[in-house]
Structures are given as C-alpha cells and as structure tokens.
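Quick notes on the structure that follows.
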Ligand SMILES: Cc1cc2nc3c(=O)[nH]c(=O)nc-3n(C[C@H](O)[C@H](O)[C@H](O)COP(=O)(O)OP(=O)(O)OC[C@H]3O[C@@H](n4cnc5c(N)ncnc54)[C@H](O)[C@@H]3O)c2cc1C
C-alpha cells in the first residue's frame, strides 16, 4: 500500500520546487526533510536568478538556465497567487564586474565561447565600457575595468521563495514531514520503501534531492552521484535608499533596501563557520566596485556550502536498476527553481525526459575518467 504517489527527499529549494510542481500536477506528494541540524544551501545563498557565464562547454546547461530564467516571471506569479507571498523576483538584467585586466579577458573569452556554443539559440550579452557602466550603475568605482551585461539575469528573495514553495505545496495538498532523516531506501517491485529513524513510507516514485545528503542516498540505490561542498560567505548591510538598479555578481540591493555583498569560493570541507579574512575580502571587493557603500554598516554575515559536482552542472537521473527512483541536485537552485517546478516534476511523473537531460546523467563522470 502506497503512502503517496511520490516521495521527495529533501525540503530545500530543489526538493521543494519539485514537490510544488508535483502537487500542482495533482500527484499525492510526501516531502521528507532532515530538519534544522542539516546543511542547507537554500537558507544561505545570494539570490541571483542568473544565466550569464553559465554553461561553458555545456550548451545544454546554458539553455536550461535561460529556460528557467524565462519561466521565472510566471513561476513567481503562480506562487504569489497560491500563497500571497511575493518572492521579490525582478529581471532588470544583470552585470558581471571585472576588477582587473585578467578578469576582463577571462570574462570576454568565456562569454564569447558560450555564445559560439549556443549556435542558433539566443545568447545575448553586451560588454560595457566605463561610460556605459556609469550610466547603468551610478557610483561605480574607478577600479572596475569593464563589465558585461546580460538582459536575461535578475534576482529574487531566496528565503521568501523557500517559504512560498512550502506554503504553496501545503495549499495544494502536499504533506511535509520535517525532522525525518532518511536512513534507508529499499527498492521493491512496484514501490520503493523509504525508512527514517521513526517511520517508513512507500511510493512508486521517489525523488532524491537532498543537497549534500544526495551522494549517500543515491548510493543506496546504486547511483554514484559525486558532490562536494564549496564554502561561500556573504555580508549584509543595513537598509539604505535605492542605489543599485540591477544586480551584479558582487553586490545586489534587495527590495527591502539592504545590500548583499559576495562572494567567496573555498573548499573547507563541511565547515560552515564564517572567516574574518573572507569577510574582509568580500567587503573590500564590494568597496572597490562601489566606493559609495563605505558609509553603510554591515549587520550580518554567514557562510553556507554550495552543492557542487565536478563540472558544476546539475545531476538529473533516473536509476537504471530501479526505475521510479530519481536523483535531482544542482548548484544554482534559485535560478533553476522554475524548471524544477515545471519540467523536472513532469519528468518524474512519466512525461518525456527533456532532451537535455542525457547530458546531466552521472554517466558523464565515468566518461571523464576514461578519456
Ligand atoms: C553562498 C552561496 C551562494 C549561492 N548563490 C546562489 C545564487 O545567487 N543563485 C542560485 O541560483 N543559487 C545560488 N546558490 C546555490 C543554491 O543555494 C543551491 O543550489 C540550492 O539552495 C540547493 O538546494 P537543495 O535543496 O539542493 O539543497 P539544500 O538547501 O542544502 O537542502 C537539502 C535538504 O535536504 C535535506 N536532507 C539532506 N539529507 C537528508 C536525508 N538523509 N533525509 C532527509 N532530508 C535530507 C536537508 O535537511 C536539507 O533541507 C548559492 C549557494 C551558496 C552556498
């Protein structure tokens, strides 16, 4: 006897987006989450809905990110209608700032190559000189050599997004069980049993979308899904009047008025502590970009762990040995929330697999090892 049509393991942005999509399709969905002690990238990210610079060497990922960014407006509107929560989505375009000649060269090369790989698919961007930057971003500092602008980019409030996904899921009849760490997954004929410390649940379909917990859970069903944690640190200032009309890779102003400052990337294993030297670097980078922020006080800082595959691209896979068990994990779970809600949930329910998904199978890691 099944407890649900689908069990989703992991209530972060990836699992909650898929669960919201599943509930919207009318599937009886059970969402299990480990709870407050777990590592949760969804509560510590920067909130960009970002296409620019993504998908070098993988045009499928560039297209996937763009598709999600295109769907984001309707996705946010649907969430608003279902829950009353405005997730603060805006799409004014986004700017990547180059603080040195080396960064500029790298940025130009990357974007040109992604555009080349896009072939006849759209991939628009524009390099901005100092004058154009100053027009778009008044207050930009003299250290910014140049910048790239992409019309596809935007941002949202990731905490409101997580809240809205959970509220919307519940409103559509989804059942959420926090504090239920999955300890075993047993594939059976017609249904898979998922065991937590206190209960067991069965369903014909199971989605493993447990962030950094995915590797251990995927191994239980014979899938090798290698993921590493990458530390990122963010600073937040007090509120100020609107100064920044569009998000950049280093600084963005939220609708509430605070400035979010990023970013760092480090391998510190599973250590989520903030580091004073990283805070200093983030603040210095932000001030080089926008010296006018000097008068603002920093009121909060935190670190969180990115969920990173070896090539930075997502994993979407249905177990070959146990059809009905799916794995979905990625970096950029804010950006990809809209496609997770729509395309991934439909794939889980048996709709055709989007053509791009073959590229996102874990088999690509085996290939890399053998070349
Ligand atoms: C510093 C930083 C900045 C970022 N900036 C951006 C950005 O600007 N734009 C963007 O698109 N993305 C960004 N990201 C990435 C984004 O935050 C993640 O891709 C996204 O949050 C991943 O969501 P998730 O649900 O996979 O993982 P998580 O949020 O980590 O959630 C995983 C969930 O699985 C649960 N879980 C784990 N193991 C088990 C188990 N055994 N049983 C039950 N439940 C389990 C946990 O309780 C947890 O709630 C950033 C990340 C970081 C760290």
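No lab work stands behind these numbers, since they all come straight from the coordinates. In this text, all values refer to a predicted model and were calculated from it rather than measured experimentally. Here the Cβ positions follow ideal geometry from the backbone for every residue, glycine too, while neighbour counts run over all protein chains shown.
Things worth noting here:
- Normalised by 2.2 N^0.38 Å, where N is the number of residues, the C-alpha radius of gyration of region 38-148 stands at 1.25.
- Helix 276-289 vs. the chain, principal-axis angle (Cα, 0 to 90°, nearest 10): 50 degrees
- Kirkwood radius for region 268-371, taken over all pairs of different Cα atoms as the inverse mean of 1/r, rounds to 17.3 Å.
- Averaging Cα coordinates gives a centre for region 64-131 and one for region 258-318; these two points are 19 Å apart.
- The order of 236, 51, going from fewest to most other C-beta atoms within 10 Å of their C-beta, is 236, 51.
- Size of region 94-151 from its Cα atoms: along the principal axes, largest to smallest, the extents are 36, 23, 13 Å.
- Its Cα gyration tensor gives region 138-211 an equivalent ellipsoid. The semi-axes, each the square root of 5 times an eigenvalue, are 43, 16, 13 Å from largest down.
- Efficiency of FRET from Cβ geometry, residue 74 and residue 181, R₀ 35 Å, rounded to 0.05: 0.55
- Taking the DSSP bridge list for the chain and keeping only pairs wholly inside it, about 75 percent are antiparallel.
- Förster radius 30 Å - calculated FRET efficiency between residue 288 and residue 81 (Cβ-Cβ, nearest 0.05): 0.10
- One quarter of the surface of the convex hull around the alpha-carbon atoms of the chain equals 18.4 nm², the direction-averaged projected area.
- Counting neighbouring beta carbons within 10 Å and listing from fewest to most, the residues 347, 20 come out as 347, 20.
- Centroid-to-centroid separation of region 13-34 and region 178-250 [C-alpha atoms, Å]: 12 Å
- 0 to 90° range, to nearest 10: angle between helix 13-24 axis and the chain longest Cα axis: 60 degrees
- The simple Förster model, with R0 at 25 Å and r as the Cβ-Cβ distance, assigns residue 271 and residue 219 a FRET efficiency of 0.60.
- Length released on extending from residue 355 to residue 297, taking residue separation times 0.36 nm less the Cα-Cα span: 16.1 nm
- The ellipsoid equivalent to the alpha-carbon distribution of region 228-308 has semi-axes of 23, 12, 11 angstrom, derived from the gyration tensor eigenvalues as √(5λ) and listed largest first.
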